[in-house]
1. Would you pick out the residues in segment B:105-147 that are within 14 Å of chain A (Cβ to nearest Cβ), hydrophobic (A, V, I, L, M, F, W, C) and in a loop (DSSP other than H, G, I, E, B)?
2. Scan B:Ile232, B:Ile198, B:Ile137 and give me the residue that is within 26 Å of A:Asp318 (Cβ to Cβ) and among the β-branched types (Val, Ile, Thr).
3. For the structure I just gave you, tell me whether B:Ser338 is touching a strand residue (DSSP E or B) at 6+ places or on another chain (Cβ under 8 Å), more than 20 Å from B:Ile229 (Cβ to Cβ) and assigned to a loop (DSSP other than H, G, I, E, B).
4. Could you please find all residues in segment A:163-179 being touching a Ser or Thr at 6+ places or on another chain (Cβ under 9 Å) and touching a residue at least 12 places away in the same chain (Cβ under 8 Å)?
5. Among the listed residues A:Leu234, A:Leu249, identify the single one that is in contact (Cβ under 8 Å) with a residue 60 or more places away in the chain and in contact with a strand residue (DSSP E or B) (Cβ under 8 Å, 6 or more places away or on another chain).
6. Looking only at segment A:244-260, count how many residues are in contact with a Gly (Cβ under 8 Å, 6 or more places away or on another chain), modelled with pLDDT under 95 and assigned to a strand (DSSP E or B).
7. Need the failing condition index for A:Ser364 against (1) in a helix (DSSP H, G or I); (2) facing chain B (nearest Cβ under 8 Å); (3) touching a strand residue (DSSP E or B) at 6+ places or on another chain (Cβ under 9 Å); (4) of a type in the set (Gly, Ala, Ser), just the number.
2 protein chains.
Amino acid sequence: MIDIRVGIIGLGSVGQGVVQIINDNISLIEKKTNTKISIIGVSGKNKNKHRDVQIDRYQWYDDPISLAGNENADIIIELIGGEDGVAFEVVESAIKAGKHVITANKALLAKNGNYLFELAEKIGVKLLFEAAIAGTIPIIKTLKESVASNTISAIYGILNGTCNYILTSMEKGGISFESALKRAQELGFAESDPTFDIEGYDAAHKLSILSSICFGQKINFDQVKIEGIKSIELDDIRAASDYGYVIRLLGIAKRNEDDHISQVVRPSLLSKESDLSGVEWEKNAISIRGNYFNELLLSGPGAGRLPTASAVMGDLFDIINNTKYPSLGMPLKALSNSSKDGNIEENRFYLRLLLPDVSGTMASITNTMAKNGISIDDITQRISKKMKDKNLVPITIITSMTNYESINKAVEDINKNNYSSASPNIITIEN
Amino acid sequence: MIDIRVGIIGLGSVGQGVVQIINDNISLIEKKTNTKISIIGVSGKNKNKHRDVQIDRYQWYDDPISLAGNENADIIIELIGGEDGVAFEVVESAIKAGKHVITANKALLAKNGNYLFELAEKIGVKLLFEAAIAGTIPIIKTLKESVASNTISAIYGILNGTCNYILTSMEKGGISFESALKRAQELGFAESDPTFDIEGYDAAHKLSILSSICFGQKINFDQVKIEGIKSIELDDIRAASDYGYVIRLLGIAKRNEDDHISQVVRPSLLSKESDLSGVEWEKNAISIRGNYFNELLLSGPGAGRLPTASAVMGDLFDIINNTKYPSLGMPLKALSNSSKDGNIEENRFYLRLLLPDVSGTMASITNTMAKNGISIDDITQRISKKMKDKNLVPITIITSMTNYESINKAVEDINKNNYSSASPNIITIEN
């Protein structure tokens, strides 16, 4: 029996989950790996805080850095979170001390991944992170290993459970964004400060890491165009449904015709017939398109104590089984720099405008759209008691293929001509 | 740059796909692995047959066994198929000669896997088989590696693209089983002799291998209860739809309350709300339930030249990266023998009976069901012009929880009392 000695730093929900799995399933793990896993130390913010798992039997470290560099540890599991600060120091010092590192920290890798992966490669240790993206879903392993022979053309992901929970609540419950957010907070699917999730940053962190593996480029979080879900109203979800769509926050990375890799996080209209449209509530899902297969779809729990800890354990199994895959699927020196902005992307769009309830409005809009070179597939005047009182009428439009710049120009012109009272909601339609 | 020398035996669709991928993506593969893959020999039934890929540049072997044991080969890829015969000899002799082996042959592994995996383990070579089950879907790697820390409770799979294509054709096109089969054959989704697929054997081969990995037991194909889709009629699909279900051929392996592992392949009624019900046409999908996550669903192309070859390439990447995972997820000596039959399984059932169109039939059926301890959730008399001419009426029933034995007993009694003209269709409802 081989011994593997693990230090766990960060004893929040996922950290406790890892302790629990190692304890509960120790005999299964030993049977599968012929390896005895010992937790040689733990570190957290507060030793005496109530926790759901017993940690008395483990050596406690007030100073996480001293555990990270401890000579008795073979592997450090970092579950603190945060794009720098203590988490960064822990990972950096563990690598420098020659330990393998497992982390669930997407913010850290989105910001400092290029440096940390290079450091790990130089020192010859593994830095694994399956738990950082989409919980139990084995997306990192699938991309790096299973479909490694493919040229990936695109990846579409529902990467943030909080946003998906809110959008599904609005859709199924007919409630407002604010009510849905409140409910998600009450049930533990949203943080008390939800900014990071609902503004799309969390999904963008994950997307930047996925893009790197899919397309063989360095991680470049700054190039992700990010739009959150705060502006989505119930009226949008209802109108989308009338047109046969649902609204989901998608992370999309794709290789465009000019070989530019675009990375974007944005609310999107998805056909109710599409696979991703069926991904509801807090679930995550990722669709991969490769040149040797049409579509591979993985879906499952994207967060939560044990689903995420299960992914951490998968990385532990990988270290025990000594897999030699490079951290991002290819040696770092082979990764390209991501290219600057490419061609302008063409899409169909959904628009919702609030316009004065006077005759001629529809004609004026269609004229303005035409003048800006935009064909309209559908234009519908909606009924809204609330807006009628204000003498306003909501109008929704589905366009043919066009680009965001043309849409913006058209909306500007419409506002000039029609004195719109609010900025319109413009949402991309994905095919 | 490291050299890896590969022999490819079997140059049908998948074999040609592997040759194509190695050629087309050679520079991507070299960049990712720092390894040069050379095809040092190929073998197939007929050298001069027309093929979609050029094989003139490779050394041809009339005798596959001499390629399998060739001193210049590091890895043998077996893509002949068949549960024994040449495929068996190729794999056995390659292993004995110290080569790693990659195969897509589920029939071979279902029948001879225990012997071949033991041989490979003894000699210290890898025997990998991701392509044998569900094409591109990385189910083997996910089970063996990603969710390895979990105790798996159940796996539900749509494992045969031919059957799924036929059932979907019937459902969407409103056509008979025979027409759907013919169409599938014309489009290349069914073999000219489809027996193996439509009678459930192919799905059962795959299920027996999955069960072994999920539950840590030796492969035991003989314990799989197998029922195919030949008896499914369009009327069943329509009635199922009325009740809110679709019909799919499922492979189900689960750990029951008495710890017995049941393995069964059978047509099943699935709620239209379930994830697997949305898996249509030739697609495959697998749902895994673990103790640390609720459900993980993987879906994608389950067959086809390049999707399957892509999975073969994944195994090649694994050999290059020297992963040490045991073939079936744990050392073979740790695998248990599968247990004998366990408790009787309880399910809800769908029944369709053809009974004489006389008054009192419904009352007689409900009485007979009650006498056999079966509660009825729904009983519906259907309209059928064709049957009316024969003075028969189709009746469909949805039962509460019961078991197959009770159902069979009740049907026997119904037939005795009501002179039914045909054996009824009985289909399990999955929750």
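The values are calculated or read from the model by the stated rules, or taken from the named source; none is laboratory data. It should be emphasised that the depicted structure is a prediction, and the values quoted were computed from it without experimental measurement. Cβ sites come from the backbone with ideal geometry, for glycine too, and all protein chains shown count toward neighbours.
1. Result: B:Phe129, B:Ile133, B:Ala134, B:Ile137, B:Val147.
2. Numbers: B:Ile232 fails: within 26 Å of A:Asp318 (Cβ to Cβ); B:Ile198 fails: within 26 Å of A:Asp318 (Cβ to Cβ).
On inspection, the qualifying residue turns out to be B:Ile137.
3. Numbers: touching a strand residue (DSSP E or B) at 6+ places or on another chain (Cβ under 8 Å): yes; more than 20 Å from B:Ile229 (Cβ to Cβ): yes; assigned to a loop (DSSP other than H, G, I, E, B): yes.
Yes: the conditions hold for B:Ser338.
4. Keep residues of segment A:163-179 that are touching a Ser or Thr at 6+ places or on another chain (Cβ under 9 Å), which gives A:169-171, A:173, A:175, A:177, A:179.
Once the filter is applied, which keeps residues that are touching a Ser or Thr at 6+ places or on another chain (Cβ under 9 Å) and touching a residue at least 12 places away in the same chain (Cβ under 8 Å), segment A:163-179 yields A:Ser169, A:Met170, A:Glu171, A:Ile175, A:Phe177.
5. Working: A:Leu234 fails: in contact with a strand residue (DSSP E or B) (Cβ under 8 Å, 6 or more places away or on another chain).
Result of the check over A:Leu234, A:Leu249: A:Leu249.
6. 0
7. (2)
Yes/no per residue for (1) in contact (Cβ under 8 Å) with a residue 60 or more places away in the chain; (2) hydroxyl-bearing (Ser, Thr, Tyr); (3) closer than 24 Å to A:Leu269 by Cβ:
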| residue | (1), (2), (3) |
| --- | --- |
| A:His100 | yes, no, no |
| A:Ala104 | yes, no, no |
| A:Leu108 | no, no, no |
| A:Leu128 | yes, no, no |
| A:Ala132 | yes, no, no |
| A:Val147 | yes, no, no |
| A:Gly188 | no, no, no |
| A:Glu199 | no, no, yes |
| A:Leu210 | yes, no, yes |
